[in-house]
Structures are given as structure tokens and as C-alpha cells.
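Just so you know, all these numbers are worked out from the coordinates, no wet-lab data involved. Keep in mind that this is a model prediction, so the values were computed, not measured. FYI the Cβ positions are ideal-geometry reconstructions off the backbone, even for glycines, and counts take in every protein chain you see.
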Amino acid sequence: MQTANLLDDVRELNLAYLLLAQRMLREDYATALYRLGLSDENARALLSLSPKQLVKLGNTNLLLCQLRMNKQQVFSILNDDSPYANLQQMHTTILLSSQSEEGADRTTANGVVP
Amino acid sequence: MSDTSPPPKTIPRTKSVRREASEIVLAASMIELGSRLQVLQIETSLSRDRLVRLYREIKEVSPPKGLLPFSVDWYMTWLPNIHSSAFHGIHRNIVEQTPSRGAQALVDSYRLYRELAKDSSGDNGEPVLSFTRAWMLLRYFDSDMVQLSSCTQCGGTFVTHVHSLRHDYVCGLCRPPPRAGKTLARSLRKKGY
């Protein structure tokens, strides 16, 4: 019974996520790519889907949106005891923007970003 | 601005009306974000006359005269460094992950930065990093006057002086200077936070 409820929630969240992503991409493509953390290719594919296809795509037992931060980043953000909530937001942005570069293998061994 | 030579214009001068229209739209959004006239002159191919008129129409005042702020050191002070690093991170992401380029990328990333900086603005209600300063920062990167360093504690990427030591760099958020944030706290208190 519990699992069935959970799965319903997952499907609902998937659909909500897909619809929101499409709306954001239609409104301002570049900004939406940044906010969603999607690749250009995936975003274009998502934009081309009809509502019926979105429902089909979301109808799975897997959650389609994932946590963007890695373990070290979560730790750094939680460890930031700056009294200003806003600076923590800045820190999160800085950490997340550094992450995609690591993904693209731009940082070298001694921590230098070329 | 005397110390850096202007880069080649990204948009060639042309008589195309469509191009001019899109440049006016771009210039208008730059003016709304607080751009100085000098920035508009470099980033668009519109004439100075038209830019001044556009500026007056949008801001309802004449564009301010005088030199642009030109201190590289400003970006290294505590709070500006955090804001500049956040802005530059957004801009890197925008350029790497989206089709947005040049002045449009600057406008997109500055809008995202402003969203983030909305409630930490100083006394005058303006974000710490102004649009013109954000543009200058990108120019300093282009002319290799600043570089990026990774914080050895949090792993974030921050703006630092070129040639500064990078192997043991710790950012201003992981190791704030003793009086960091005192001015900010005072101005926030005044605003009732």
C-alpha cells in the first residue's frame, strides 16, 4: 500500500518536473538550461515532446530529476556558518558552477582552472 | 579603461534593419540592468547618438559621464570577491552549456546574478557587483589580469589576482577575514533584517 502511494508521488513529480522544464525552456531557453542543469541536446529533445509523450515518459518508477550536488558540496554548504543566508546562496552557486567544470575535466591536479 | 585595449566588435557594422532591431533590444536590456554608455558603445554597433537617446528614454536621465571603475583590486576584497566569483561562475556555465554568447550571455548571467544578490544589496539597494563592473571583470579575464583558483577547502572556483599562489588557496567564505561582513550586517540591520 505504502509503495503504491510512493510510486504515485514519483509519477506525479516526474510529470510536474517535465512540464515545468518545458515551460521554463520555452520562456527563456538559455536561462532555463542553466537553472535545470540540462544539456542542450536533452533540452531540445524535451521541448519537442507532446503532452502525451511527457505523460508516457514520466510514467515510470524512477525519479527523473536528480540531486545536483555531490557529497563534498553538500558538506561545504552545510558547513558554511556565515550568518547571512544570501552569502550561502552565493556559495552554493559558486560550488555548483565549479562542479560542471570538474565534470568537463577542466581543473588540473593542483586545483588550477586553466 | 585606459589600460585595456578594446576587443574586436563581435557584431560587424551592418545596415541590416533586423540586426539593428535586435541590437536595440539588447542595448535596452543592458541599460535596464545599469550599463554605462561606454559598455554599450563597445558591445553594440549602434551610434553614440542613438544610444544616448535610448538611454534617456529608458532611464529618463542623461547617461553619467566620466571614467569607468577600473580597479582590479576591488574584485579581491572580501564581499565583492564572493559576488564576482558567483557571477563569473554563472557566466562560465551560461557560455559552456547554453547557446547564449557575447553580450547576450553577459545579460543572461547578470540577470541570474541579480536574482541571487537581491537581498544582500548595499545601502543604495543596488547589487554589490554592478553591471558595468561585471562586464569589466570579463574583460580583465580576457586580458589575463585575473585568474581562477580553486579553494582547497570547499572546492569552489574563485576570482584571484593573476600570478597569485594557487596550490594552497582558501576562499573568503571558508576563511573570512576578522571583520568580514560588519558593514553588510550594519546595512542589513538598518533595513530591518
Exercise. At 7 Å along the Cα-to-beta-carbon direction for both residue A:57 and residue A:40, put a label point, then send me their distance in nm to one decimal.
Key: 1.9 nm
Exercise. Note the direction-averaged projected area, equal to a quarter of the hull surface, for the Cα convex hull of the range B:46-93, in nm².
Key: 5.3 nm²
Quiz prompt | log₁₀ of I(q)/I(0) at q = 0.16, 0.18, 0.22, 0.24 Å⁻¹ - the range B:16-67, Debye sum with one point per alpha carbon | solution = -0.39, -0.49, -0.73, -0.87
Quiz item: Taking every residue in B:83-95, how many Cβ atoms of other protein chains lie within 10 Å of its Cβ, on average?
Solution: 5
Exercise. State, to one decimal in nm, how far the label point of residue B:142 lies from the label point of residue B:165, with both points 7 Å from Cα in the Cβ direction.
Key: 3.3 nm
Exercise. Would you mind calculating the relative contact order of the range B:69-191 from Cα pairs under 8 angstrom and at least 6 residues apart, reporting the percent as a whole number?
Key: 28 percent
Quiz item: Taking one equal scatterer on every alpha-carbon of the range B:10-100, how large is log10 of I(q)/I(0) by Debye at q = 0.12, 0.17, 0.19, 0.20 1/Å?
Solution: -0.50, -0.92, -1.05, -1.10
Exercise. Averaging over all projection directions, find the projected area of the Cα convex hull of the range A:1-94 and quote it in nm² with one decimal place.
Key: 8.1 nm²
Exercise. Jot down the per residue volume, in cubic angstrom and as a whole number, of the convex hull over the alpha-carbon atoms of the range B:69-191.
Key: 113 Å³
Quiz prompt | Full-stretch length increase - residue B:126, residue B:68 - with 0.36 nm per residue and alpha-carbon distance subtracted | solution = 19.2 nm
